[in-house]
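Chemist: Let me begin by handing over the structure; questions about it come next.
The values are calculated or read from the model by the stated rules, or taken from the named source; none is laboratory data. Just so you know, these numbers come straight off a predicted model, no measurement behind them. Because the Cβ atoms are built from the backbone with ideal geometry, glycine has one as well, and the counts that use them run over all protein chains shown. Just so you know, the surface numbers come from the protein's heavy atoms only, side chains and all, with ligands and any DNA or RNA stripped out. Shrake-Rupley method; radii C 1.70, N 1.55, O 1.52, S 1.80 Å.
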Amino acid sequence: NRGNIRILTYSSGNHAQAIALAATSLLGVPSTIIMPRDAPPLKIEATRSYGGDVVFYDRYTEERDAVAERVKAELSQTHGDSPKVVFVPPYDHKYVIAGQGTVGKEFIEDLTRFLPHDDDERPSEPIALDYLFVCVGGGGLLSGVSLSARALSPRTKLIGVEPLAGNDAQRSLRDDRIVRIPTPNTIADGAQTQHLGELTFRIMRRCVERIVTVTDEELVEEMRFFGERMKMVVEPTGCLGLAGL
């Protein structure tokens with residue numbers, strides 16, 4: 001029952017667009033997206049074009065969880081009939097992790113299709129994939145992909161890659177606790193998180209080999225590589241995996 005429901009989330013842009021598209025554009029459910037004031041203009045424009053109502057905050061001086069609580073209370077009071085406001089986190093939720101884990105599932109299945117085998121038979125052995133390098137911010141993508149890899153390619157080692165300026169995931173695995181940091185100053189806006197999630201951290205402790213870090217300069221080099229050699233436009237956060245390799 002979608003009546004009298006409003007979706008709320010926070011995101012620097014990618015999760016924001018997904019929520020606005022799925023909730024508002026496709027299902028007709030109003031969505032409010034809390035975004036940093038310095039989020040990439042293209043991501044803000046895309047989120048609005050899908051019907052998302054964007055509310056800005058300062059990622060360097062405001063805590064987004066506190067902002068979300070305030071906005072949630074305001075939505076409940078200012079809209080008629082007291083709508084049920086449902087918060088959809090960008091990474092620390094089992095359904096979000098499972099959804100992002102399909103990236104690893106599809107990737108491994110695609111690789112398997114290219115293994116030599118008879119036309120009428122599927123390969124019986126898991127693929128021999130040594131490593132997967134995955135970008136990490138809050139840990140949703142990395143934890144989801146690590147679960148897929150453990151099930152479909154158990155010999156594969158998962159390496160998380162995050163900006164050097166924001167190495168909270170690396171420190172968290174090293175210290176065996178969730179380390180919280182100030183918002184990092186990096187061009188990888190999708191990885192400007194302050195800490196891992198409770199669920200993502202538990203999965204990463206179990207399934208991730210280690211976390212490595214890269215500099216913004218290395219990200220720029222990989223953006224140039226993607227553009228010049230692969231003819232692809234890739235944002236800095238999307239270059240983390242290759243930079244880690």
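Chemist: So the check is Cβ under 6 Å with 6+ separation or different chains; which pairs have a first residue in the stretch 49-63 that's touching a residue at least 60 places away in the same chain (Cβ under 8 Å) and a second one that's not in a strand (DSSP E or B)?
Modeler: Taking only residues 6 or more apart or on different chains, the pairs are R59/T183; Y60/T183.
Chemist: Testing S49 on (1) open to solvent by less than 50 Å² (accessible area, probe 1.4 Å); (2) modelled with pLDDT of 95 or more; (3) among the small types (G, A, S), one condition comes back false. Which one is that?
Modeler: (1)
Chemist: While we're on this one: Applying the selection to the stretch 52-69, what residues are part of a helix (DSSP H, G or I) and either of a type in the set (G, A, S) or open to solvent by less than 70 Å² (accessible area, probe 1.4 Å) (or both)?
Modeler: Filtering the stretch 52-69 down to residues part of a helix (DSSP H, G or I) leaves 64-69.
Listed by number, the residues that qualify are R64, D65, A66, V67, A68.
Chemist: Say whether the condition of being open to solvent by 40 Å² or more (accessible area, probe 1.4 Å), closer than 21 Å to S143 by Cβ and in contact with a helix residue (DSSP H, G or I) (Cβ under 6 Å, 6 or more places away or on another chain) is met by at least one residue in the stretch 236-243.
Modeler: In the first step, residues of the stretch 236-243 are kept if they are open to solvent by 40 Å² or more (accessible area, probe 1.4 Å); the result is 238, 242.
When the remaining residues are screened for being closer than 21 Å to S143 by Cβ, the result is 238, 242.
Narrowing further to those that are in contact with a helix residue (DSSP H, G or I) (Cβ under 6 Å, 6 or more places away or on another chain): 242.
Within the stretch 236-243, one or more residues are open to solvent by 40 Å² or more (accessible area, probe 1.4 Å), closer than 21 Å to S143 by Cβ and in contact with a helix residue (DSSP H, G or I) (Cβ under 6 Å, 6 or more places away or on another chain).
Chemist: Could I ask something else about it? Scan the stretch 190-213 for residues that are touching an Asp or Glu at 6+ places or on another chain (Cβ under 8 Å) and open to solvent by less than 20 Å² (accessible area, probe 1.4 Å) and jot them down.
Modeler: A191, T193, L196, G197, T200, I211
Chemist: OK, next. So, in the stretch 16-48, of the ones that are touching a residue at least 12 places away in the same chain (Cβ under 8 Å) and among the small types (G, A, S), which residue ends up farthest from A73 (Cα to Cα)?
Modeler: A46
Chemist: Taking into account only those residues within the stretch 29-46 that are aliphatic (A, V, I, L, M) and in a strand (DSSP E or B), which is surrounded by the most Cβ atoms within 10 Å (Cβ to Cβ)?
Modeler: Residues of the stretch 29-46 aliphatic (A, V, I, L, M): 29, 33-35, 39, 42, 44, 46.
Checking which are in a strand (DSSP E or B) leaves us with 33-35.
On the way: I33: 30, I34: 22, M35: 25.
It comes out as I33.
Chemist: Within the stretch 1-15, track down each residue that is more than 16 Å from L75 (Cβ to Cβ) and under 16 Å from the mean Cα position of the chain (by Cα).
Modeler: S11, S12, G13, N14, H15
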